[in-house]
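No lab work stands behind these numbers, since they all come straight from the coordinates. Every value quoted in this text rests on a predicted model; they were computed, and no experiment measured them. Here Cβ is always computed from backbone atoms with ideal geometry, including for glycine, and neighbour counts include all displayed protein chains.
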Amino acid sequence: MNRRLANVIAILALGVIGILGPWLFPAHLSQFSKLWLFIVLALTWDLLGGQTGYNSFGNVVFFGIGMYAAAVTQVGLYYPVAAYTAAKGGGTEFVFDVAQFYTGLAVGLPVGGIMAALAAAALGMVILGMRGHYFAIATLGLAIAAGELAAGWEYIGAGSGMVTPTPPDTIDTTLLFYYLSFALAAVTFGFLAWLYSTRFGLAINAIRDDEDKAEAMGHHTTRNKVITWTISAFFLGIAGGIFGNLSKFIDPIDVAFNGAEVGVWMILMAILGGKGTLWGPVIGAAVFYVTKELFWTYLLGWQRVALGALIVIIVVFFPQGIVGWLKERWPERFGPSKEEMEAADAKGGA
Amino acid sequence: MTQPLLDVCNVSKAFGGVIANRNISLKVNRGQIVGLIGPNGSGKTTLFNSIVGYHPIDDGEIWFKGEEISRYRVGRIARLGLLRTFQQTRIYGRMTCMENMLISLPERESSFLDLLKSRHSAGIQRAKDLLEFVGLYSKRYHYAGDLSFGQQKLLEFAMALINEPEMLLLDEPTAGINPTLINGLIDRLKRANEELGITLLVIEHNMRVIMNLAEHIYCLAHGEMLAEGSPEEIRNDQRVIDAYLGAH
């Protein structure tokens, strides 16, 4: 089968499942919302970790920043944030009507993305000058530091966390957040598919393969890395904003800056599916998330042991990930496609 | 006399107590092919690294096109049109040969927005022509990492050419290439020089190659400039013969 056609069919199928979700699995809608968000997490991690070859253990920071920034904006548009967090979000005085709630989300989510992107740009300029493992180690500390900072900051509720605005009863938030999550996953996927088709895609792959060479050929390698992380953080920040609202409560360490869980999961999902591929993170996130949910349902008590074993199995038996394994096993079907190349040749050739 | 394209003046570089280059001066005029020879460890590659900004130099000045580049970083010097290839071949292994070529198109004039154009927007024909030029056309959709060492060297050379440098520093271009291919490579280096107008500075251990190729040769030994002259002069220079035969 033609690869391009297979791609189109896969995208259409996912799109249809996504749109019909509320009818297909009405009982598990919020789980599926999280699945779409996890796909965003894996895709954005892979942008720097897979395509650019820079393993970051700190991406969860942007997730958390987006979450807090969105929530603070949603509240701050109508009430003083400090008073709101001091009251633990409860009480009858902090009520959001329909218009306020929607406006808050419409402004808050982009603000979450932008704040995360700014943080990535600033951090990137400092630590993306480091190469390979040094960068990975530097990012390890980020999530821990960020969680502690958030837990000590009264304005956003410090250690007792922050409640996201309670929606008016008339809004079906399960459905709303489902479609927001789905839309974000679709937009992220589309954006990255386009980005990887550009010269920028080649430029970051060049950094992954041999950064010294790329620099010696005149590439602005550090600039490209910082831009890559910034893009990654933008989508991740929006995902965080949605996730916060979905969870209804933002704990600084267990929800926002949960490096030990979400921070590690996003890496595992990308690796499981196949680092450095467009579809890998999508497939990896789906397989991982479903497996994880099954463990939590059927192996309760042992779920973390099972998950740990799964992680070991992934790393030992699928170092290339599912898509990477497929490419190796059936290169003619999943390898670099000749037709696409030839088609591009015909377009660009004399 | 016109200004040399590359002018290295009294450059010194030490790593801790090891003096890799001491007071090295050399000049390369536009359009020339110049050779750089010397025994292993004589400081040839260190000099290359100094020229392209890979590490800071301790003393001296380096000028390119009348601009002092001694303090510039690698990327900036490359964008000026002074490019190098590596002794240990460096290519982008998990990308196809065509992709390797396309991302080596010159970045000189381009801004970030140019990077957002389709990867097939420019240079396809040029990339194919140059792959043909180095004899890798039939391999163009292979992963570069799957090529043999010699083929990777040729690919690296083609990548350098598509970048349209004014000057190219080649670090042992024939090492690891089989004898029949070497003749083809000499021919291609000469053609790149004549037809594309690329000035070449070549490190080479193969005496036959360098004598055939270069019009002027510098010889380094123990981090110092030992001799310079035409291939004929170098061939007959007793100090060079001693250095290479290890008579000291």
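Below 8 Å, C-alpha to C-alpha, sequence gap of six or more: please give me the relative contact order for the range B:40-84 in percent.
36 percent
Do any chymotrypsin sites (Phe, Trp or Tyr not before Pro) in the range A:91-126 lie in a loop, going by DSSP, with at most 11 other beta-carbon atoms within 10 Å of their beta carbon, and if so which?
Loop-located and lightly packed - none at all.
When you have a sec, figure out the Kirkwood radius of chain B from all distinct Cα pair distances and drop it here in Å to one decimal?
About 18.7 Å, per the Kirkwood formula over Cα pairs.
For A:Val187, B:Val209, which order do you get if you count the other beta carbons within 10 Å of each Cβ and list the fewest first?
A:Val187, B:Val209
Select from B:Phe86, B:Phe15, B:Phe157 the residue whose mean-square fluctuation is largest in a Gaussian network model of chain B (Cα-Cα springs shorter than 10 Å).
B:Phe15
For the Cα atoms of chain A, what angle does the longest principal axis make with the long axis of helix A:29-49, in degrees from 0 to 90, nearest 10?
Between helix and principal axis, roughly 50 degrees.
Which order results if B:His222, B:His216 are arranged by neighbouring Cβ count within 10 Å, fewest first?
In order of increasing Cβ crowding within 10 Å: B:His222, B:His216.
Taking the Cα atoms only, what angle lies between the long axis of helix A:3-24 and the longest principal axis of chain A, rounded to 10 degrees?
20 degrees
Quick one: 3J(HN,Hα) in Hz for the range A:176-186, Karplus 6.51/-1.76/1.60 with θ = phi - 60°, rounded, Gly and Pro as x.
4, 6, 4, 5, 4, 5, 4, 4, 4, 4, 5
Could you work out [θ]222 nm for chain B from helices alone, using -39500 (n - 2.57) per DSSP H run of at least four and dividing by all its residues? Round to the nearest 500 deg cm²/dmol.
Dividing the helical sum by the residues of chain B leaves -9500 deg cm²/dmol.
Which value in Å does the Kirkwood hydrodynamic radius of chain A take, with 1/r averaged over all unlike C-alpha pairs and then inverted?
Computed over chain A, the radius equals 21.1 Å.
Counting only DSSP beta bridges with both residues in chain B, what percent are antiparallel, rounded to the nearest 5?
Among the beta bridges of chain B, antiparallel pairing accounts for roughly 55 percent.
Based on DSSP H runs of at least 4 residues, each adding -39500 (n - 2.57), what is the mean residue ellipticity at 222 nm of chain A after dividing by all its residues, to the nearest 500 deg cm²/dmol?
-24000 deg cm²/dmol
So, in Å, what gap is there between the alpha-carbon centers of the range A:100-118 and the range B:134-191?
52 Å
Using Cα springs under 10 Å in a Gaussian network model of chain A, which residue among A:Ala193, A:Ala42, A:Ala143 shows the largest mean-square fluctuation?
Answer for the Gaussian network model of chain A: A:Ala193.
Counting alpha carbon pairs within less than 8 Å and at least 6 residues apart, what relative contact order, in whole percent, applies to chain A?
In percent, rounded to a whole number, it is 29.
In chain B, which helices (entire DSSP H runs) extend 15 Å or more along their own long axis, judged by Cα positions, while averaging at least -0.5 on the Kyte-Doolittle scale?
Once both thresholds are applied, what remains is B:149-162.
Test of understanding: ordering B:Arg22, B:Arg30 by Cβ neighbours within 10 Å, fewest first, what list do you get?
Starting with the residue having the fewest Cβ neighbours, the order is B:Arg30, B:Arg22.
Could I have the simple spin-label model distance between A:Val287 and A:Glu93, label points 7 Å from Cα toward Cβ, reported in nm to one decimal?
Roughly 5.3 nm, to one decimal.
For the Cα atoms of chain A, what angle does the longest principal axis make with the long axis of helix A:132-151, in degrees from 0 to 90, nearest 10?
That helix lies at roughly 10 degrees to the long axis.
Could you identify which residue out of B:Asn163, B:Asn193, B:Asn212 has the top mean-square fluctuation in a GNM of chain B using Cα springs shorter than 10 Å?
Among B:Asn163, B:Asn193, B:Asn212, the largest GNM mean-square fluctuation belongs to B:Asn212.
Using DSSP to call loops (not H, G, I, E or B), can you name the GluC sites (Glu not before Pro) in the range B:172-248 whose Cβ has at most 16 other Cβ atoms within 10 angstrom?
B:Glu215
Under 8 Å for C-alpha pairs, at least 6 residues apart: give me the relative contact order for chain B, rounded to a whole percent.
Here the relative contact order equals 27 percent.
On a straight-distance basis, which lysines could pair with A:Lys327 in a cross-link, Cα separation under 24 angstrom, same-chain partners fewer than 8 positions away excluded?
A:Lys275, A:Lys338, B:Lys139
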